[in-house]
1. How about the stretch 232-321: which GluC sites (Glu not before Pro) there lie in a loop by DSSP and see at most 12 other Cβ atoms within 10 Å?
2. Where does each of 165, 271, 229, 95 land when they are ranked from fewest to most other beta-carbon atoms within 10 angstrom?
3. Sort 130, 306 by Cβ crowding within 10 Å, fewest neighbours at the top.
4. Is the shape of the stretch 193-275 rounded, prolate or oblate, going by the alpha carbon gyration tensor and its root eigenvalues a ≥ b ≥ c, with a/c under 1.5 for rounded and a/b larger than b/c for prolate?
5. Taking a ≥ b ≥ c as the square roots of the eigenvalues of the Cα gyration tensor of the stretch 135-174, is the shape rounded (a/c under 1.5), prolate (a/b larger than b/c) or oblate?
6. If neighbour count is taken as other Cβ atoms inside 10 Å, put 96, 164, 312 in order from fewest to most.
7. Using each residue's phi in the stretch 65-72, evaluate 6.51 cos²θ - 1.76 cosθ + 1.60 at θ = phi - 60° and report the 3J(HN,Hα) Karplus result to the nearest Hz, with x for Gly and Pro.
8. Along the stretch 115-123, what does the Karplus equation 6.51 cos²θ - 1.76 cosθ + 1.60 (θ = phi - 60°) give for ³J(HN,Hα), rounded to whole Hz, x for Gly and Pro?
Amino acid sequence: MFRGGVFLKEKIKTFFSLCVLVVTVPYIVTLLFQGNQADTQAKKTELLTQEDLPLTVDINGQELEIEEYLAGIVAQQVPLDNQPEAIKAQAVIARTALLHAVTHEEEMPDSMSREEMLTLWGQDGFEKNYKVLENALEATEGEVLIYEEALIQAAFHAVSAGTTRTAKEAIGSELPYLDSVDSSVDIPSPDYLKVIFLEKSALAEKLNQAADAGLTPETLMEQISVSSRDSSDYALEIKVGDKTMSGEEFRNCLELNSSCCYIKEVEGKVRIVTKGLGHGLGLSQYGANTMAKEGGNYKEILQYYYKDAEITKKIQTYLEP
């Protein structure tokens, strides 16, 4: 009997334990789920408006108004004799990059100070050009580019090779808003096509310094070839002797206008033909200016070059509160 009583007591204890588990486990799971959901919501509701952002930025220990710093960025990025709508588009691009840097604690975009502008333009030119900048910033006040609630990487370049590039091909990143678009309006640009001739010895020396490729002038043309291109015809990889350089590395080494390049021997020299000016990603400034001349406004320009990106005054951030 004693053993049976103990056994019965154990069964009763087990039964009550199971009851407690049945009642409490769903509650605990619910609490955990709600806690995780609350954390996710807390991160997702970190919605910044222009009023939430700092009014000044710290540049080398000096506090500058953010709009003044922004004016200097635009002044450095785009010719101010461009069409007003093209300059407005650049203002939105510059603000997007600046606020991305501010909210993510990244390196600030380069900017011109008022003193540098005065030196460059003189007093009369400064007053005229600064008014252009003020008009562009006021017309686009607070506007930035976002994709799926996050600030985009608003890449831009001077002139495309006829079509812009996709980020997936060019830099290996899935950024749907940096997709290839037709920009054949760039073809009339004086920077669309450039031809240079280099001595074989000079070219071999430059490439050997950059890649230690063991090139010789005598066999140079047999040792250099474009091994892959993207769908916009920019060189992705270039074989240089026993080494491989990216198209952008090759471009930077030789100070070419772009990596949309073609290499050929002509009369004992190396001829390199390039199309476009810049990396070819995002907005083409020449294309934007042409669209503005044809009546396009800055929003239409931005929405053309940044596929499915949204122009907004609100910034969603997923940084910890």
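1. 255, 267, 294
2. By the 10 Å Cβ count, ascending: 271, 229, 95, 165.
3. By the 10 Å Cβ count, ascending, the order reads 130, 306.
4. Oblate shape, in that a/c is at least 1.5 and b/c is the bigger or equal ratio.
5. Oblate, because a/c is 1.5 or more while a/b does not exceed b/c.
6. Going from least to most buried by this count: 312, 96, 164.
7. Per-residue couplings from phi come out as 4, 5, 5, 5, 5, 5, 4, x Hz.
8. Working through the residues one at a time gives 5, 5, 5, 4, 5, 6, 9, x, 4 Hz.
Values quoted throughout were computed directly from the atomic coordinates according to the rules given, and no laboratory measurement underlies them. Remember, it's a predicted structure, so these values are computed and weren't measured experimentally. For neighbour counting, all protein chains shown are included, and Cβ atoms are generated from backbone atoms with ideal geometry for every residue, glycine included.
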